[in-house]
Amino acid sequence: MTIEVRNPRTGEADYRFQPASPAAIAQAAQNLRARQGNWFALGVQARVEILAAWADAIEAVKTELIAALVADTGRLFLSQREVEGALANLRRWVHMAPGLLQTQERPSALIASLSYDNQYVPYPLAGLITPWNFPVTLSLIDAVPALAAGCAALVKPSEVTPRFVEPLRKSIDATPGLGEVLNFMLGDGETGAALIEQVDLICFTGSVATGRKVAAAAAGNFIPAFLELGGKDPVIVLGDADLPRATDAVLRGAIVNSGQVCLSIERVYVQTDIHDAFVDQLVAKAQAVEFNYPDIRRGELGPIILERQAKVIKAHLADAKARGARVHCGGEVETLGGGRWIKPTVLTGVTQEMDIMRKETFGPILPVMAFADEDEAVALANDTNFGLSASVIGGDLTRVRAVAERVDAGGLSLNDCGLTSMTYEPEKTAFNHSGLGGSRMGPGSIYRFLRKKALIIQHGAPQPMTSFAEAAAGGGYGSAPVV
């Protein structure tokens with residue numbers, strides 16, 4: 001079987017590959033496992049030195065890597081930023097990992113003769129199934145801390161955007177020791193299912209529907225699953241917000257990568273007294289946005305990467321219009337040069353029951369609703385099965401924070417939108433159906449790949465058995481004696 005890859009700017013299938021067979025995946029997993037012990041034995045300092053060399057090797061193939069992303073995603077500027085961001089994150093782990101993996105012996109607070117320490121033991125083989133919207137970023141965001149922790153890593157990138165793997169493999173081959181513990185296997189959903197059968201831990205980024213299948217398979221194999229799933233992110237714009245700043249933030253937060261981001265703004269709630277003025281400014285700014293077609297170096301908006309996503313966008317818009325929503329700008333999927341495109345689309349007259357307010361659209365769509373007060377705004381924002389991230393914008397930061405603390409989402413942007421995509425520093429966990437497992441952000445994300453052993457040390461004489469009988473006779477059976 002051959003998998004064809006569609007170019008989103010031309011609509012043509014201009015790249016093909018053979019998916020890895022279950023046997024090939026099993027063999028790759030066996031090879032990685034055989035070498036993981038030596039990788040862990042190197043120690044964290046030696047591992048991060050190899051990762052630092054890998055960053056330099058990626059720099060050497062950066063032009064090829066960007067060209068592969070451009071072919072698969074149809075965007076230039078964001079592809080350049082994606083590679084730079086992935087490199088920055090790799091170097092961040094080189095800097096952070098040694099300190100995070102240090103342990104320290106501590107005295108017991110309960111028993112004077114005891115002390116304890118911990119030992120971090122990595123899961124031998126981490127499996128990663130990654131999505132198509134940011135192929136390099138989301139293939140490395142979990143692989144790098146897993147490698148730093150001492151795991152081997154087996155990655156299955158999306159079959160929609162696989163071209164980056166070829167230049168990335170060049171960088172892996174150019175980094176001594178790295179190829180022994182890092183491998184990429186191309187394929188579709190069947191490949192991902194086969195991968196789960198071979199690993200000790202799985203990280204998955206993608207839809208809620210597929211995430212359920214991944215979680216069930218992981219549970220069947222009794223392995224940890226860390227899932228980063230879909231979003232339907234709300235923004236609450238309070239009545240004292242600065243409108244030019246608020247409309248800038250909301251528009252950018254909704255249309256970056258043509259809305260093909262899990263943390264895109266997909267629901268806009270605006271306080272009643274500024275609703276109309278907000279919509280007027282938002283529409284004016286949305287209408288000024290241009291496609292980067294035919295010149296990829298001009299304009300702000302790229303194509304819809306996944307063709308079937310265009311059908312989802314059309315269906316959500318049709319449902320909204322049929323139920324009485326008003327389209328102020330955009331609203332139609334266009335075909336240009338064989339690709340699918342849609343301008344930023346602002347809607348009013350929407351209700352919570354519409355698909356466009358309940359289901360993940362993954363397009364540059366901005367449905368706007370009015371709210372009367374903060375209680376209503378919070379209730380609307382929390383009326384969802386998702387809970388990945390959210391935003392609150394207003395003039396009084398104390399009030400903004402108070403509202404944000406009532407919103408059920410993992411990452412809250414205050415007085416801006418999409419800030420969780422700009423920094424990896426704060427830890428967060430998703431709410432509702434948007435995720436499962438520990439934070440993939442922040443320093444603590446490396447601990448997902450480690451099991452913690454307790455090393456408990458007796459510095460005095462071991463307690464004799466007779467002391468248990470004496471304690472029981474004195475009514476102290478089960479208490480912790482202090483030596």
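The values are calculated or read from the model by the stated rules, or taken from the named source; none is laboratory data. All values reported here derive from a predicted model rather than from experimental measurement. FYI the Cβ positions are ideal-geometry reconstructions off the backbone, even for glycines, and counts take in every protein chain you see.
Of the numbered conditions (1) touching an Asp or Glu at 6+ places or on another chain (Cβ under 6 Å); (2) without any contact (Cβ under 8 Å) to a residue 12 or more places away in the chain, ASN7 fails exactly one; give the number of that condition.
(2)
Return the pair list, or none, for Cβ contacts closer than 9 Å from residues in the stretch 370-397 that are at positive phi and not assigned by TED's automatic domain parsing to the domain that holds LYS359 to residues that are of a type in the set (Gly, Ala, Ser) and crowded, with 18+ Cβ neighbours inside 10 Å, at least 6 apart or on different chains.
Qualifying pairs under 9 Å: none.
So, in the stretch 426-460, of the ones that are part of a loop (DSSP other than H, G, I, E, B) and in contact (Cβ under 8 Å) with a residue 60 or more places away in the chain, which residue ends up farthest from GLN104 (Cα to Cα)?
Per the stated criteria, the residue is ALA430.
Regarding PHE204, is this residue of a type outside the set (Asp, Glu), buried (at least 24 other Cβ atoms within 10 Å of the Cβ) and not assigned by TED's automatic domain parsing to the domain that holds MET422?
yes
Does VAL283 fit the bill of being crowded, with 18+ Cβ neighbours inside 10 Å and not in a helix (DSSP H, G or I)?
Spelling it out, it is not the case that VAL283 is crowded, with 18+ Cβ neighbours inside 10 Å and not in a helix (DSSP H, G or I).
Within the stretch 305-326, does at least one residue satisfy the condition of being in a loop (DSSP other than H, G, I, E, B), under 25 Å from GLU376 (Cα atoms) and of a type in the set (A, V, I, L, M, F, W, C)?
Within the stretch 305-326, one or more residues are in a loop (DSSP other than H, G, I, E, B), under 25 Å from GLU376 (Cα atoms) and of a type in the set (A, V, I, L, M, F, W, C).
Give all pairs with beta carbons closer than 8 Å in which a residue from the stretch 97-121 that is free of Cβ contacts under 8 Å to residues at least 24 places away in the same chain and aromatic (Phe, Trp, Tyr) meets a residue that is in a loop (DSSP other than H, G, I, E, B) and surrounded by fewer than 13 Cβ atoms within 10 Å (Cβ to Cβ); count only pairs at least 6 apart in sequence or on separate chains.
From residues that are free of Cβ contacts under 8 Å to residues at least 24 places away in the same chain and aromatic (Phe, Trp, Tyr), there are no pairs.
Examine the stretch 41-59 for a residue that is over 30 Å from GLY302 (Cα atoms) and of a type in the set (Lys, Arg), and state whether such a residue exists.
Yes: one or more hits.
Given the conditions (1) under 19 Å from LYS232 (Cβ atoms); (2) buried (at least 16 other Cβ atoms within 10 Å of the Cβ), and given that VAL333 satisfies all but one, which numbered condition is not satisfied?
Only one criterion in (1) under 19 Å from LYS232 (Cβ atoms); (2) buried (at least 16 other Cβ atoms within 10 Å of the Cβ) is unmet by VAL333, namely (1).
I want to confirm something. Restricting to the stretch 202-240 and keeping residues that are part of a helix (DSSP H, G or I) and in contact with a helix residue (DSSP H, G or I) (Cβ under 6 Å, 6 or more places away or on another chain), which single residue is farthest from PRO364 (Cα to Cα)?
ALA217
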